[in-house]
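A.B. asks: Got a structure for you, questions after.
The values are calculated or read from the model by the stated rules, or taken from the named source; none is laboratory data. For clarity, every value in this text was computed on a predicted model and none was experimentally measured. Ideal geometry is used to build each Cβ from the backbone, glycine not excepted, and the neighbour counts take in all protein chains shown.
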Amino acid sequence: MKKIIAFAGSTSQQSINKQLVEYTCSLIEKETTEVLDLNDYKMPLFGVDKEVKEWFPENAKRLLEKIKTADGLVISLAEHNGAYSAAFKNAFDWMSRIESKTFFNKPMLLMATSPGSRGGSSVLAMAKERFPLHNATITETFSLPFFNDNFSEDKIINEALNTELKKAVATFKSAL
């Protein structure tokens with residue numbers, strides 16, 4: 001059985017990206033999934049001076065260790081003003097200072113959702129360009145637009161989008 005680590009790039013208690021991650025994990029059968037919460041990995045704001053003075057936060061090391069020990073990653077990024085959320089970017093900055101190849105060539109299902117029509121497409125594009133430089137093996141991407149219209153009762157209710165996600169999950173699983 002493979003170990004999948006999943007998380008949303010958000011600290012919101014009502015994170016729609018976390019809801020998407022949890023639903024996606026329910027589709028990954030016969031594997032062990034663990035959904036992390038970035039709230040359990042709080043870190044000081046990254047800065048080179050802070051790095052020199054205090055070294056690396058324990059939570060950055062813990063999160064990086066979770067990624068390192070996984071067989072695959074499911075990440076759904078929140079989009080704030082067209083980019084990563086500050087919480088995710090901060091964690092990513094700290095982890096990449098510890099290990100520049102942050103994702104260790106793990107197969108990754110990369111996703112985003114938003115209440116709007118673009119479904120986090122800007123942050124997905126940014127991550128698709130950046131993450132491979134940190135040894136991400138992005139096997140598939142998925143964008144869920146209009147979250148509030150397409151997701152209800154812990155699942156995607158738009159059949160076409162649900163089928164698209166299931167295909168992405170199948171591709172991801174075959175890469176494990």
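A.B. asks: Residue check, ASP40 against (1) under 16 Å from PHE142 (Cβ atoms); (2) free of Cβ contacts under 8 Å to residues at least 24 places away in the same chain, all met but one. Which one?
C.D. replies: Going through the list (1) under 16 Å from PHE142 (Cβ atoms); (2) free of Cβ contacts under 8 Å to residues at least 24 places away in the same chain, ASP40 breaks only (1).
A.B. asks: With out of contact with any helix residue (DSSP H, G or I) (no Cβ under 8 Å at 6 or more places or on another chain), of a type in the set (Gly, Ala, Ser) and under 24 Å from MET126 (Cα atoms) as the only criterion, which of SER76, SER96, SER26, SER85 stands out? Write out each step before concluding.
C.D. replies: Numbers: SER76 fails: out of contact with any helix residue (DSSP H, G or I) (no Cβ under 8 Å at 6 or more places or on another chain); SER96 fails: out of contact with any helix residue (DSSP H, G or I) (no Cβ under 8 Å at 6 or more places or on another chain); SER26 fails: under 24 Å from MET126 (Cα atoms).
Sole residue among the options that is out of contact with any helix residue (DSSP H, G or I) (no Cβ under 8 Å at 6 or more places or on another chain), of a type in the set (Gly, Ala, Ser) and under 24 Å from MET126 (Cα atoms): SER85.
A.B. asks: Another question about this same structure. State whether the residues of segment 49-68 include one that is in contact with a strand residue (DSSP E or B) (Cβ under 8 Å, 6 or more places away or on another chain), among the small types (Gly, Ala, Ser) and either closer than 24 Å to THR33 by Cβ or surrounded by 15 or more Cβ atoms within 10 Å (Cβ to Cβ) (or both).
C.D. replies: If we filter segment 49-68 for residues that are in contact with a strand residue (DSSP E or B) (Cβ under 8 Å, 6 or more places away or on another chain), which is where we start, we get 63, 66-67.
Checking which are among the small types (Gly, Ala, Ser) leaves us with none.
The answer is no; no qualifying residue exists.
A.B. asks: Here's a follow-up. Which ones in segment 130-161 are over 15 Å from the mean Cα position of the chain (by Cα) and in a helix (DSSP H, G or I)? Show your work before the answer.
C.D. replies: Initial filter on segment 130-161 (over 15 Å from the mean Cα position of the chain (by Cα)): 133, 145-161.
Passing the criteria: LEU133, PHE147, ASN148, ASP149, ASN150, GLU159, ALA160, LEU161.
A.B. asks: Specify the residue that is surrounded by the most Cβ atoms within 10 Å (Cβ to Cβ); the eligible residues are those in segment 14-37 that are in contact (Cβ under 8 Å) with a residue 12 or more places away in the chain and assigned to a loop (DSSP other than H, G, I, E, B).
C.D. replies: Only one residue tops the list, namely SER15.
A.B. asks: If you don't mind, another one. Whether any residue in segment 87-103 is without any contact (Cβ under 8 Å) to a residue 12 or more places away in the chain, of a type in the set (Asp, Glu) and either touching a Gly at 6+ places or on another chain (Cβ under 9 Å) or not in a loop (DSSP other than H, G, I, E, B) (or both) is what I want to check.
C.D. replies: No, that holds for no residue.
A.B. asks: Does segment 80-100 include one or more residues that are modelled with pLDDT of 95 or more, surrounded by fewer than 20 Cβ atoms within 10 Å (Cβ to Cβ) and within 15 Å of ALA6 (Cα to Cα)?
C.D. replies: No, because not a single residue in segment 80-100 is modelled with pLDDT of 95 or more, surrounded by fewer than 20 Cβ atoms within 10 Å (Cβ to Cβ) and within 15 Å of ALA6 (Cα to Cα).
A.B. asks: Can I ask one more? Return the total of residues in segment 85-97 being more than 16 Å from ALA136 (Cβ to Cβ) and of a type outside the set (S, T, N, Q). Show your work before the answer.
C.D. replies: Quick first cut of segment 85-97, residues more than 16 Å from ALA136 (Cβ to Cβ) only: 85-87, 90, 94, 97.
Next cut, of a type outside the set (S, T, N, Q) only: 86-87, 94, 97.
Selection size over segment 85-97: 4.
A.B. asks: Does VAL74 satisfy the condition of being part of a strand (DSSP E or B), surrounded by fewer than 18 Cβ atoms within 10 Å (Cβ to Cβ) and either under 16 Å from the mean Cα position of the chain (by Cα) or in contact (Cβ under 8 Å) with a residue 40 or more places away in the chain (or both)?
C.D. replies: So VAL74 does not fit the description; no.
A.B. asks: If we scan segment 126-149, do we find a residue that is over 17 Å from LEU77 (Cβ atoms) and either among the acidic types (Asp, Glu) or buried (at least 17 other Cβ atoms within 10 Å of the Cβ) (or both)?
C.D. replies: Yes; the residues of segment 126-149 include at least one that is over 17 Å from LEU77 (Cβ atoms) and either among the acidic types (Asp, Glu) or buried (at least 17 other Cβ atoms within 10 Å of the Cβ) (or both).
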